[in-house]
Each structure stands twice: as C-alpha cells, then as structure tokens.
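Structure first, then comments.
The values are calculated or read from the model by the stated rules, or taken from the named source; none is laboratory data. Owing to the predicted nature of the structure, the values given are computational and were not obtained by experimental measurement. Neighbour counts are summed over all protein chains in view; Cβ atoms, including those assigned to glycine, are modelled from backbone coordinates with ideal geometry.
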Amino acid sequence: MNTQDSKLTFKEKLGFALGDGAANFIFQTIMLLQLNFYTDTFGITAAAAGTLFLIGRLWGAVLDPIMGAVADRTESKWGKYRPWILWTAVPFGIIGFLAFLTPNFEYAGKIIYAYITYILLMSIYSMNNIPYSALGGVITGDMKERASLYSVRFVVVCLATIAIQGFALPMVNAFGKGDSAKGYAITMGIFSFLAMLFFFITFFTTKERIKPDPRQKSSLKEDLNTLFKNGPWITMFILFVMMFIFLAIRNGSLLYFFRYYLDTESLSKFIQNLDKALGGIPGLLGFAGENANVADSTFSFINILGQIAAIIGITISNMLTIKLGKKNTLFIGFILSLIFTIAFIFIPPTGIILTLILQILFNLAWGVTMPLPWAMMADVADYSEWKLNRRATGIVFAGVVVGLKIGLAIGGFLGGIILSLYGYAQDNVTELAIKGIRLSASIYPGIALTIVIASLLFYKISGKVEILMQNELAERRKSY
C-alpha cells in the first residue's frame, strides 16, 4: 500500500491533535478572555484593546504567507513542516505567558508592553501554526483518514477549550484570591507549560508522507499565481474571514453578557442549586466559594457543558460527512449555528437555563462544523495539484490562515469598537452599553455568519470530485 494512503495509527492522530490543543491554550484565551483581560485587569480601554487586536492580527496576516513560503522551502531530515513545531515550542510558551502579565506601569507603559507582547505572540503563532496546519495536509492522502484525523484533532481542541472556557476563570479567581492580575499570571503559566509539552509530543509522533513532485520548480511567484487561480481556495478564504469575524465578536462578548446582562441573583441561585445537586463538586472546582464570581462561575460551567456538546457534534460530523459529504454537512451546521446565535437576543436577564440550553445547542451545531473547513483546506491543496499541476501546501494553508487572522483582526476590532460606541466603561455599565453587549452576542455576529453560509454555495469540490482527485493523484504520485 502506498504510504501516502496508509491507515494512520490512533497514536499519530492523537499526537497530531495535541499540537492544536497546545495552540488553543493560547488561541482560546485570546478569543474569549483577552479583551476582558485588557479592559478589566490590565487596565486599558476597550477602544485601545480593539485597535491593538486590529494591528497585531493584521501583522500576523502579513507574516502568514511569508511563513508558508518558508515552510514549503524548508528541507530537513524531519521534513518541511514538523521542524517548525519543534523550534517554536519553547518561544510560544514563554510569549504566551508574558502576554498575560500585568506590569506595574503607567498607562502609556502598559500600552507599549501590550503592543510588544501581543505582536510577538501573533508572530510566534504564525511561525508555529502555519507549518502545523500544512502538516495536516501531508500526513495522509486518504480522504477518509484525513476526515478522521481532523475529527480527533478537534475533539482535542474542544478539551483544550474546556480547559480555557471552563477552568481558566475559576483558576484565576482561586490563584488570585481577589487579585486577577496574579491569577492570570499563574493560570497562563500553567497553560503555557502544557502547550510546550504538547508541541514536543506532536513533533515526535507524526510523519510527513505526501511530498510535491521533485520536478516542480521552486517559485514563489508561481505558487501565488496558482493560488489565485484556485477557485475553491478563494471561496475558503472568504469563508474563513467571515467565520472568524463571527467568532471574534460573539466569543469576545459572552463574558460581558454574563457579567453585566444576566441577573446576579438568578446566577447566584443557579450556582447554589448546582452546588447542592452535585454534592459540593462545583465548590471544589472553583465555581462556588469565597473567591468565586457568580457570573464567571456560571460562564465557566455552561462553557464546559457547551464544549462537551461540541465533542458530540464533532462525532456526529464524521458520520454525517460519510453520508452527505463535507460541504453539505458544513452547510447544515452553519444554518443551525446561526439560528441558535440569533436566539440569544431573546434571552431575558433571568434566563439562565435558557442561556444554558442555547449555548449547548449552539456548540452542538458548531461542533459539526469544526473539523470540516480544515479538512476541506487539505482538499483544496490536493485540488491545486490535481487541476493546476502545482502543490504548495504551506502557501495554501497560509493563505487561508491569513483570512483567519484578518477575520480575527476585524472581529476583535469591531468587538472593542462596538462596546466603545455603546458607551461601555467598567465602572459605569449603562443600559446602552448592555444593549451593545446583547447585540454583540447575537445579531452582529449573525450577520457575519450569514455571509459565511452564502460563500459556501460557491465551493466546487463535491464528494464525487474528492474521490476522483484522490484516485488520480494516487496514480500520479506512484511515479515519484
């Protein structure tokens, strides 16, 4: 059997998946908590944080294609992409830790420190994540194995997300004991160390199998020309931009939604009932007790259940993909995600249970979508080789991660600006600011997700095309 199409062991699938688990210790914190960290702990305004996100993430978007070209041209005994995971592991952990420290500086000094650490974080993320993303496209050429690989990857991503969404704030409260700056430092120190460890495991357990035709000449100009002739890549680029605008606005607003919109008495009653029902376990986990914040505790607990639902969604996704294909499955997941997102606007302040139900349903639907865009990107790299006779996996993935970064930049900027326009200030949260928070958790991200759904209609690679590509490319690769 051709090694490029061989069955992958679970050890290799899990080892590969841990790399994204590692990255998500930082990525999920950026998505979910960093805006709130900057405004409520670090001590800068929402507008300043939003501008920082825009500049830092656009810088990452500039660096991504450079990193893709460098990775494609890397030659080592370990391959093209694996060595970058090894080389960046320790710097990634150190910078991830530094980005969540709160130095005792004046306001101008804090702004400078935030810009330096955040831009460094975006830089090391590109240097690590572009090769990692490309690695997923060269581990196997078998479409079913590829889908399975990405399903395992995103189960691990969900577990890492549980760690951040479910346990980060309780850990901050427990370690900080009222000092959130200290709490963030210790918590992110732990997660950064785990990230380094997981990157090492990824490096030692994976193998690159698919290689470009050795007769293919190295030409960055030709790589880029081929990229823009690749219709499915253009569709996926637009999809990634709008998808991450959606995620940045929605996820960045959720903690504010819990802290400032939901009724404190109802939240407290929910946590107390939860504590009683589970025999005191929530207290042991930091969801209750003297250092707990009822909004943060409810937020964390609901997110744990949401990520468990996402894992179920990922499992369903794999089964649906076999029957319906990637595109149709992704379309269904996005439609349901849009419905459950928009529904957040109808939650009353006392609707804690309704919030719980909608968040679980959203994560179940979103879990169906999670592995598919990345598996489809590996298919897009195959499409380039099949249709345009040129393979540059790093550039293909880098180009789409540029879309991801642009989406995060615009979404993060819009999230901060929306709060600012609606008059948000930590010490004076007005009714107008609460309206902005509610819209940021529902209607505004829903607009972005609607565009995502529309863009998917133009994606050309159907299930039949996937099989045709796989078989024809396998025959071509036998010659080299």
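Among the candidates ALA409, ALA441, the residue that is at pLDDT 90 or above, under 23 Å from THR29 (Cβ atoms) and not charged (D, E, K, R) is uniquely ALA441.
Candidates in the stretch 417-453 are the residues that are of a type in the set (A, V, I, L, M) and not in a helix (DSSP H, G or I); of these, the one that is surrounded by the most Cβ atoms within 10 Å (Cβ to Cβ) is ALA441.
Looking only at residues in the stretch 129-172 that are under 26 Å from PRO83 (Cβ atoms) and of a type in the set (Lys, Arg), the one that is farthest from the chain's Cα centre (by Cα) is ARG146. Here LEU408 meets the list (1) touching a residue at least 12 places away in the same chain (Cβ under 8 Å); (2) more than 18 Å from MET236 (Cβ to Cβ) almost entirely, failing just condition (2).
Against the definition (surrounded by fewer than 24 Cβ atoms within 10 Å (Cβ to Cβ) and either without any contact (Cβ under 8 Å) to a residue 12 or more places away in the chain or touching a Phe, Trp or Tyr at 6+ places or on another chain (Cβ under 8 Å) (or both)), how does VAL152 come out, yes or no? Against the criterion (surrounded by fewer than 24 Cβ atoms within 10 Å (Cβ to Cβ) and either without any contact (Cβ under 8 Å) to a residue 12 or more places away in the chain or touching a Phe, Trp or Tyr at 6+ places or on another chain (Cβ under 8 Å) (or both)), VAL152 qualifies.
I'd like to verify a number: residues in the stretch 385-406 that are of a type in the set (Gly, Ala, Ser), at pLDDT below 85 and either part of a helix (DSSP H, G or I) or surrounded by fewer than 23 Cβ atoms within 10 Å (Cβ to Cβ) (or both), how many? Write out each step before concluding.
Taking the stretch 385-406 as the starting set, the residues that turn out to be of a type in the set (Gly, Ala, Ser) are 392, 394, 398-399, 403.
Going one step further and asking which of them are at pLDDT below 85, we end up with 392, 394, 398-399.
In the following step, the residues that additionally are either part of a helix (DSSP H, G or I) or surrounded by fewer than 23 Cβ atoms within 10 Å (Cβ to Cβ) (or both) were identified as 394, 398-399.
Qualifying residue count for the region: 3.
Look at (1) small (Gly, Ala, Ser); (2) more than 20 Å from GLY252 (Cβ to Cβ); (3) without any contact (Cβ under 8 Å) to a residue 60 or more places away in the chain and you find that GLY436 fails only one, number (2).
Here THR9 passes the criteria (1) in contact with a helix residue (DSSP H, G or I) (Cβ under 8 Å, 6 or more places away or on another chain); (2) under 27 Å from ILE162 (Cβ atoms) except the one numbered (1). Hey, does the stretch 57-68 have a residue that's more than 16 Å from ASN128 (Cα to Cα), in contact (Cβ under 8 Å) with a residue 12 or more places away in the chain and either crowded, with 17+ Cβ neighbours inside 10 Å or aromatic (Phe, Trp, Tyr) (or both)? Checked the stretch 57-68: at least one residue is more than 16 Å from ASN128 (Cα to Cα), in contact (Cβ under 8 Å) with a residue 12 or more places away in the chain and either crowded, with 17+ Cβ neighbours inside 10 Å or aromatic (Phe, Trp, Tyr) (or both). Against the criterion of being without any contact (Cβ under 8 Å) to a residue 60 or more places away in the chain, in a helix (DSSP H, G or I) and surrounded by fewer than 18 Cβ atoms within 10 Å (Cβ to Cβ), LYS144 does not qualify. If you filter the stretch 98-113 down to residues that are touching a residue at least 60 places away in the same chain (Cβ under 8 Å) and surrounded by fewer than 22 Cβ atoms within 10 Å (Cβ to Cβ), you find that the one that is nearest to MET188 (Cα to Cα) is LEU101.
Can you name every residue in the stretch 332-359 that is surrounded by 19 or more Cβ atoms within 10 Å (Cβ to Cβ) and hydrophobic (A, V, I, L, M, F, W, C)?
Filtering the stretch 332-359 down to residues surrounded by 19 or more Cβ atoms within 10 Å (Cβ to Cβ) leaves 333-334, 337-338, 340-341, 344, 347, 352, 355, 358-359.
Matches in the stretch 332-359: PHE334, LEU338, PHE340, PHE344, ILE347, ILE352, LEU358.
Tell me yes or no: at least one residue of the stretch 241-248 is buried (at least 24 other Cβ atoms within 10 Å of the Cβ) and over 30 Å from THR298 (Cα atoms). Yes, because at least one residue in the stretch 241-248 is buried (at least 24 other Cβ atoms within 10 Å of the Cβ) and over 30 Å from THR298 (Cα atoms).
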